[in-house]
Amino acid sequence: MNINQNYLKLENSYLFFTIAKKVQEYSAANPGVKILRLGIGDVTLPLVPAVTEAMQRAVTEMGEAEAFRGYGDYEGYPFLRQAVCGYYAGKGVKLEEDEVFISDGAKSDLGNILDIFSEDNAVLIPDPVYPVYVDTNIMAGRKITFISGNAANGFLPLPDGRSDIIYLCSPNNPTGAVYNREQLKLWVDYALERDAVILFDGAYEIFVQDGGLPTSIYQIDGADKCAIEFCSLSKTAGFTGTRCGYTVVPRALIRGGESLNKLWLRRQSTKFNGVPYIVQRGAEAVFSDAGMAQIKNNIGYYLENAKNIAKTLAELDIWFTGGKNSPYIWLKCPGNMTSWEFFDFLLEKIGVVGTPGAGFGANGEGFFRLSAFGKQEDVTEAMRRIRSVMEKD
Ligand code: MLT
């Protein structure tokens, strides 16, 4: 019996798992300290009423003989896929129902999608980046080339080198940077020329406030022939614990003479039994008029937090970016601290948790990510503590 040796090439543990363990240890040793979590992007506002009411109705249905449902469609229920198509129509993107696959979130699909691609594909990943892209490719033994995101290019690297599979995340996790239409067009043209496929992570699209910026790669001409888009209701509608997302695989996307839509359906119907009916009814309600109005209120709440963080950093003269069209603020660690030194400094001195930039790749060293998903009173208190410790130091 041989294990998958690729696992031995991974970092010892997943970034947010490592952080959770460190925070747990600190908390056990300092039971009197109220820890303020601005680390993992986990939401704090509850599900909105439109969602919980829809879920409650679905629970009742599941207890009635006539309405009860067993296995659902592997691709998701038509009512939810149609709701997603309606949402895209609002962005000026025409999708067919069978191009939308309901999932339990973007993270799983971003890893699972690799099943349909050969192992010898060249993979291009921006650095810094959400660690799931890197880890899942290492697990599968693929060779990764990194392209540099840095302050000089606004953390928005443009096409370079050879690649078959390209990961893009916009608004970006962790930097909060957002590609504009011209920049995304360069990526789309590059992928089309090379027959490459872009895996576009749009998990934070709802945070885009600037109407001129794209919120879907399909707003760019030709993207339906070269891109798969992943989206999640985790940050959009507070589904981090409820689990629901969707992946768009256009019918026009053909590689090696095969439809990637068909391959993905084949993969999903074999390895995935779908998202619970009750959750899909809740997800459908996100796209209703009432649901959209309610979740946009929540997004506004988180963006207020981002403003609060940005204001504090500006006053402390700490370099930062992000936070305008994104729930993440990406800052330069003060006093030339490394990312993990600054992590320890904030945790040990003031009980504030953030995410070390180095956890997102080599280019993240010396940077740090703060999340705006906390409760407003906690973010305000975290900023008060940061001011007091930075002004003292
Ligand atoms: C993050 O903090 O980067 C995300 O919450 C992690 C995730 O979505 O898996």
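The values are calculated or read from the model by the stated rules, or taken from the named source; none is laboratory data. Quick caveat, the model's predicted, so the values are computed rather than measured. A quick note on method: Cβ atoms are made from the backbone with ideal geometry, for glycine too, and the neighbour counts reach across all protein chains shown. These area figures cover heavy atoms from the full protein model, side chains too; ligands, DNA and RNA do not enter into them. Shrake-Rupley method; radii C 1.70, N 1.55, O 1.52, S 1.80 Å.
A few comments on the model shown:
- Arg37 meets all of the listed conditions (1) more than 19 Å from the chain's Cα centre (by Cα); (2) open to solvent by 70 Å² or more (accessible area, probe 1.4 Å); (3) in contact (Cβ under 8 Å) with a residue 40 or more places away in the chain but one, namely (1).
- The one condition in (1) within 16 Å of Phe367 (Cβ to Cβ); (2) within 16 Å of the ligand (Cβ to nearest atom) that Pro327 fails to fulfil: (1)
- Apart from one condition, Gly86 fits all of (1) assigned to a helix (DSSP H, G or I); (2) small (Gly, Ala, Ser); (3) on the phi > 0 side of the Ramachandran plot; the exception is (3).
- Scan of region 249-294 for residues that are touching an Asp or Glu at 6+ places or on another chain (Cβ under 7 Å) and assigned to a strand (DSSP E or B), ordered by number: Arg255
- All positions within region 350-385 that are within 16 Å of the ligand (Cβ to nearest atom), of a type in the set (A, V, I, L, M, F, W, C) and farther than 9 Å from Leu38 by Cβ: Ala358, Phe360, Phe367, Phe368
- Taken together, Gln209, Gln183 contain a single residue that is free of Cβ contacts under 8 Å to residues at least 60 places away in the same chain and closer than 22 Å to Gly322 by Cα, which is Gln183.
- The set of residues in region 373-391 being in contact with a helix residue (DSSP H, G or I) (Cβ under 9 Å, 6 or more places away or on another chain) and either crowded, with 22+ Cβ neighbours inside 10 Å or free of Cβ contacts under 8 Å to residues at least 12 places away in the same chain (or both) consists of Phe373, Gly374, Val379, Ala382, Met383, Arg384, Ile386.
- Filtering region 367-392 to residues that are under 22 Å from Val43 (Cβ atoms) and either of a type in the set (Gly, Ala, Ser) or modelled with pLDDT under 95 (or both) leaves Ser371, Ala372, Gly374, Ala382.
- So Lys235, is it surrounded by fewer than 16 Cβ atoms within 10 Å (Cβ to Cβ) and either away from the ligand (no atom under 16 Å from the Cβ) or within 20 Å of Ser216 (Cα to Cα) (or both): no
- Count of region 184-205 residues which are under 23 Å from Lys235 (Cα atoms), of a type in the set (A, V, I, L, M) and not in a strand (DSSP E or B): 2
- Candidate set from region 160-182 (those that are of a type outside the set (Ser, Thr, Tyr) and at pLDDT below 95); member that is farthest from the ligand (Cβ to nearest atom): Arg162
- Restricting attention to region 11-34 and to residues that are away from the ligand (no atom under 16 Å from the Cβ) and under 28 Å from Ser232 (Cα atoms), the residue that is surrounded by the fewest Cβ atoms within 10 Å (Cβ to Cβ) turns out to be Asn12.
- From the options Gly111, Gly92, residue that is in a helix (DSSP H, G or I) and modelled with pLDDT of 95 or more: Gly111
- Near pairs, Cβ below 8 angstrom, 6+ apart or cross-chain, from region 93-110 (closer than 16 Å to Leu265 by Cβ and aliphatic (A, V, I, L, M)) to any residue that is within 12 Å of the ligand (Cβ to nearest atom) and modelled with pLDDT of 95 or more: Ile102/Gly245
- The residue of region 63-77 that is nearest to the ligand (Cβ to nearest atom), among those that are surrounded by 15 or more Cβ atoms within 10 Å (Cβ to Cβ) and either closer than 21 Å to Val379 by Cβ or not charged (D, E, K, R) (or both), is Gly76.
- Restricting attention to region 141-192, the residues that are open to solvent by 30 Å² or more (accessible area, probe 1.4 Å) and not basic (Lys, Arg) add up to 21.
- Scanning region 324-343 for residues that are within 20 Å of the chain's Cα centre (by Cα) and open to solvent by less than 20 Å² (accessible area, probe 1.4 Å) gives Ser326, Pro327, Tyr328, Ile329, Trp330, Leu331.
- The condition (being touching a Lys or Arg at 6+ places or on another chain (Cβ under 9 Å) and open to solvent by less than 40 Å² (accessible area, probe 1.4 Å)) is satisfied by just one residue among Leu346, Leu370, Leu313: Leu346.
- All of (1) open to solvent by less than 20 Å² (accessible area, probe 1.4 Å); (2) over 30 Å from Asn137 (Cβ atoms); (3) within 16 Å of the ligand (Cβ to nearest atom); (4) out of contact with any strand residue (DSSP E or B) (no Cβ under 6 Å at 6 or more places or on another chain) hold for Ala50 with one exception: (3).
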